[in-house]
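Take a look at the structure below.
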Amino acid sequence: MNRRDPTASETIVVPGRNPVLEVIRAGWPVREVLTSVARADERIQRVIEACSARGIPVRSATADELSRLAGKAHHQGIVALCGPASYADLEEGFRRAERAGEPPFFALLDSIEDPRNLGAILRCADAAGVHGVVIPKHRATGLTPAVAKASAGAFAHVPVIRVTNLVRAAVELRERGLWLVAAVPEGGQELWRSRLTGPVAVVIGGEDKGIRRLLLETCDFSVRIPMFGRVPSLNASVAAALLFYEVRRQRTMQSP
């Protein structure tokens, strides 16, 4: 991740053992690690060893101090204090695709306001090999402690691209050869019948508002996940996981 967002706060707090370890391994600018757990704890010891290898200071703190820093996120007795949240640009996503020898694979998230949803989507994106996740600066959550925790540290491994105009970013991706595929609850073709093997950007909306009209009209086609029960839709992060892995499945089946 290579672009600092000038609107980001000066410190991002990353709570939880796995997220802290992942941000250290990913090379994020970790200023300090605080822990209230005995250093003999095996999982804490792994974090301390990673800090030692990178010259990151570790100090003891009370559970109350960690709770104040982590807010509502469960800290598991450890937090990392990192430098400003760093956002990538579209080029980083294209570079990742080139290094992987794959057609570009992006996700555009419209109006995802719940940090837990964004964190879960980033975790799925990392697992499925998405090359870049694009989010808007306004009316959506950014990289926060809750996002870091919900992503289990995956947010440090996926290029997160924050833009002022999501439609403009979508148009740029289309101009660079990507198909824009909107995930919708009704209409559109069934996900399994769609061809998603080429350069693609999957567009996912928030649970309350969905994909805004102008962005939806910018997409090349829509897909829906068939629902066989009484509940009409899925959580945004669950839908994202299905979409991401359908792209990955089709690409894997196509490979010689």
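Listed here are the residues, each with its yes/no results for (1) among the charged types (D, E, K, R); (2) under 9 Å from the mean Cα position of the chain (by Cα).
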position: Ser111; (1), (2): no, no
position: Asp114; (1), (2): yes, no
position: Ala120; (1), (2): no, yes
position: Ala125; (1), (2): no, yes
position: Gly132; (1), (2): no, yes
position: Lys137; (1), (2): yes, no
position: Thr144; (1), (2): no, no
position: Val147; (1), (2): no, yes
position: Ala150; (1), (2): no, no
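Are there any strands (runs of 3 or more DSSP E) wholly within segment 26-145 with 2 or more residues that are over 19 Å from Ala240 (Cα atoms), and if so which?
Working: elements: 30-35, 58-60, 78-82, 105-110, 132-136.
Result: 30-35, 58-60, 78-82.
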Among the residues of segment 201-250, what is the count of those that are assigned to a loop (DSSP other than H, G, I, E, B), touching a residue at least 40 places away in the same chain (Cβ under 8 Å) and not aliphatic (A, V, I, L, M)? 9
Yes or no: Val202 of a type outside the set (Ser, Thr, Tyr), surrounded by fewer than 17 Cβ atoms within 10 Å (Cβ to Cβ) and at pLDDT 95 or above? no
Count - residues of segment 98-130 that are surrounded by fewer than 19 Cβ atoms within 10 Å (Cβ to Cβ) and either within 30 Å of Asp41 (Cβ to Cβ) or free of Cβ contacts under 8 Å to residues at least 40 places away in the same chain (or both): 6
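Search segment 23-38 for residues being surrounded by fewer than 20 Cβ atoms within 10 Å (Cβ to Cβ) and touching a helix residue (DSSP H, G or I) at 6+ places or on another chain (Cβ under 6 Å), and hand back the single one that is farthest from Arg68 (Cα to Cα).
The first filter runs over segment 23-38 and keeps only residues surrounded by fewer than 20 Cβ atoms within 10 Å (Cβ to Cβ), leaving 25-27, 29, 31-32, 36-38.
If we keep only those that are touching a helix residue (DSSP H, G or I) at 6+ places or on another chain (Cβ under 6 Å) as well, we get 26, 36-37.
On the way: Ala26: 25, Ser36: 13, Val37: 16 Å.
If we take residues in segment 23-38 being surrounded by fewer than 20 Cβ atoms within 10 Å (Cβ to Cβ) and touching a helix residue (DSSP H, G or I) at 6+ places or on another chain (Cβ under 6 Å), then Ala26 is farthest from Arg68 (Cα to Cα).
The values are calculated or read from the model by the stated rules, or taken from the named source; none is laboratory data. The model shown is predicted, which means the values in this text are computed figures rather than measured ones. For neighbour counting, all protein chains shown are included, and Cβ atoms are generated from backbone atoms with ideal geometry for every residue, glycine included.
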